[in-house]
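Notes to accompany the following structure.
The values are calculated or read from the model by the stated rules, or taken from the named source; none is laboratory data. Note that the structure is a prediction, hence the values are computed from the model and not measured. So basically every Cβ, Gly included, is an ideal-geometry build from the backbone, and we count neighbours across all protein chains shown. When the accessible area is computed, the model is the full protein with side chains, heavy atoms only, and any ligands, DNA or RNA have been set aside. Shrake-Rupley method; radii C 1.70, N 1.55, O 1.52, S 1.80 Å.
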Amino acid sequence: AAMAVVLCLAVPALLKRVFALSHESSGWYRVEYIANMIYAGIGSILVNFAISLAHPALVDATQSFKYVVIFIVAWFLLRERFFGKQLVIKIIATALIIFGLVWLGLAYYARSIPVDSMRAIAWSVTFSSKFSKELGLDWRKNLEGILYEVQPRKIRLIAYWDEIEKRRGEYAFGDLDWEMNEAARAQVPIVLTVGMRVPRWPECHIPAWAAELGVEEREAALRAYLGVLIERYRNHSALAYWQLENEPFLRFGECPSRGEDFFEQELTLLKSIDSSRPVIVTDSGEFGAWYRAVREGDIFGTTMYRRVYPPSVGRFTGIIDYPIGASYFRLRERVARFLAGEYKKLFVVIELQAEPWAKKHLGELSYEEQMRIFPLEYFAETIQFARETGFSEYYLWGAEWWYLLREKGGDSHYWDMVIHLVREDAEL
């Protein structure tokens, strides 16, 4: 456009006409005109400078802020008044513009957060004996394979209340004893998850007798069970951390109502029996508030899922990919630390999705369906995604599935990939 204007001025008749018209204007108008051109030129230079510093879309979006300024100036300085529908529309538009600018600014900031690509990463694993049995596997061999073949840095084991206390006051710790002792023999440190809400669907695992109790009585029974369990394992040589409840502040799964301070009472009980080991408190990576979990625990753990079947809307959407980049988790960590005032607390990814999530139980999916939902290439992309989020410890979620594929499907690619992953980072 600028070149076209310059070429027009090269025509003598047009140039003469421009100068002739300029003599018809007053001196003050000339000053104003020249000042306006200088102002516009400076503005253009500053816009281009801003583009050199940030993404063009972000710079372009900030120009919409002028409408906010116009609205505020008109209201407070010029005393212009808006009423009814017009006022509501202007307030909503102003709020949306401000929200959009803040969101774009945070997104740009998140992408600028540095990640140490050479940092040491501890790849750990979650194991559920209950889920292994649901898949028709020999859960003891499944665990042995994880401990002695995969050799994760740590393993997260799960104490299921409905399996340990099937009858009130009668405790069966035999299977969990075996898991704990086997991990000790393999010299793999343990994160023991305890409580009513623990990993795997339906999220809350409650004995039939306890499900019939009222809220207060059920939680009193739960604390009695926890007291016995914590006392039993507090001196176990392989126990590194406790995880108290799983995503305790998230409304998800088939869980009963709970008392207002249920978690605080459980945490106080745990600390009164074993104050020497850190307690991990977890929250959802995508929908959790994080703040309370960060404040309550000695270590904070987030989940990290990318391809899911949302239970509430899945019948309409099917399987979806969260539109979330790795920078989202870097930003969430920064914001959570700032709000909670916890700048040194360890943050870990307690569940990194490494298995398909579908409408049906995993054991009911055909091999072809499993591969369509979570192909090996997508697994590799997920690992790379995790690396880019910047955490230093990840607990892979899906060890029972990899073992199922190897033992019953003849496909050891996922199992072998995890072994290679653990070995590769262990050597750094």
Quiz item: Which residue pairs have Cβ atoms closer than 6 Å, lie 6 or more positions apart in sequence or on different chains, and pair a first residue in the stretch 398-422 that is at pLDDT 95 or above and of a type in the set (Gly, Ala, Ser) with a second residue that is open to solvent by 50 Å² or more (accessible area, probe 1.4 Å) and assigned to a helix (DSSP H, G or I)?
Solution: 412/406
Practice problem: Scan the stretch 286-296 for residues that are surrounded by fewer than 24 Cβ atoms within 10 Å (Cβ to Cβ) and among the small types (Gly, Ala, Ser) and jot them down. | Solution: 288, 289
Quiz item: Assuming residue 367 fulfils every condition listed in (1) over 17 Å from residue 131 (Cα atoms); (2) touching a residue at least 24 places away in the same chain (Cβ under 8 Å); (3) open to solvent by 30 Å² or more (accessible area, probe 1.4 Å); (4) in contact with a strand residue (DSSP E or B) (Cβ under 8 Å, 6 or more places away or on another chain) apart from one, which condition is it?
Solution: (4)
Quiz item: Quick one: which of 301, 398 is touching an Asp or Glu at 6+ places or on another chain (Cβ under 6 Å), closer than 30 Å to residue 266 by Cβ, crowded, with 16+ Cβ neighbours inside 10 Å and not β-branched (Val, Ile, Thr)?
Solution: 398
Exercise. Hey, can you tell me all the residues within the stretch 340-362 that are under 23 Å from residue 137 (Cα atoms), open to solvent by 50 Å² or more (accessible area, probe 1.4 Å) and not charged (D, E, K, R)?
Key: 357, 361
Quiz item: Quick one: how many residues across the stretch 257-272 are in contact (Cβ under 8 Å) with a residue 24 or more places away in the chain, assigned to a loop (DSSP other than H, G, I, E, B) and open to solvent by 40 Å² or more (accessible area, probe 1.4 Å)?
Solution: 2
Quiz item: Is it true that some residue in the stretch 127-136 is touching a helix residue (DSSP H, G or I) at 6+ places or on another chain (Cβ under 8 Å) and without any contact (Cβ under 8 Å) to a residue 12 or more places away in the chain?
Solution: yes
Quiz prompt | Count of the stretch 374-395 residues which are open to solvent by less than 60 Å² (accessible area, probe 1.4 Å), under 22 Å from residue 350 (Cβ atoms) and assigned to a helix (DSSP H, G or I) | solution = 9
